[in-house]
């Protein structure tokens, strides 16, 4: 017959085994986080490459058109058509955040190209373009949003 002490010690996992299991779980979590971070870094690098080296194509124009049509169908007078990190501006978004007259001069890459496209195509058709900081992570300007507007004129 087994004593109560023997059965308890045999059925209970040792503290050392629990510590090992905890470490294994921590290592698995660290590996998972590393994979996520690597995937996010790759995605960010691809976005940066696209933003600074490529041009606005037909796919992006079609997305903008869909966003505008959806907003209009919902009874709105503006649509967020593009966003990008404020750090992509030459002044990190300061002029946009403070609505300074020269904010357009701080644009680079696709944002600058989108502004030119707006000036050539949309503005002559009565559209407006607003740029603003749309989020403030840790209290700092985050992303810039470009809003295409078609508000009725104010009398």
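The values are calculated or read from the model by the stated rules, or taken from the named source; none is laboratory data. What you are looking at is a predicted structure, and each value in this text was computed from that prediction instead of being measured. We place every Cβ from the backbone using ideal geometry, glycine too, and count neighbours over all the protein chains shown.
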Residue match in the range 108-125 (condition: in contact with a strand residue (DSSP E or B) (Cβ under 9 Å, 6 or more places away or on another chain) and at positive phi): yes
Some residue of the range 2-12 being out of contact with any helix residue (DSSP H, G or I) (no Cβ under 6 Å at 6 or more places or on another chain), surrounded by 10 or more Cβ atoms within 10 Å (Cβ to Cβ), at pLDDT 90 or above and not in a strand (DSSP E or B): no
Conditions (1) within 25 Å of residue 127 (Cβ to Cβ); (2) in a helix (DSSP H, G or I); (3) at pLDDT 90 or above; number of the one not met by residue 32: (1)
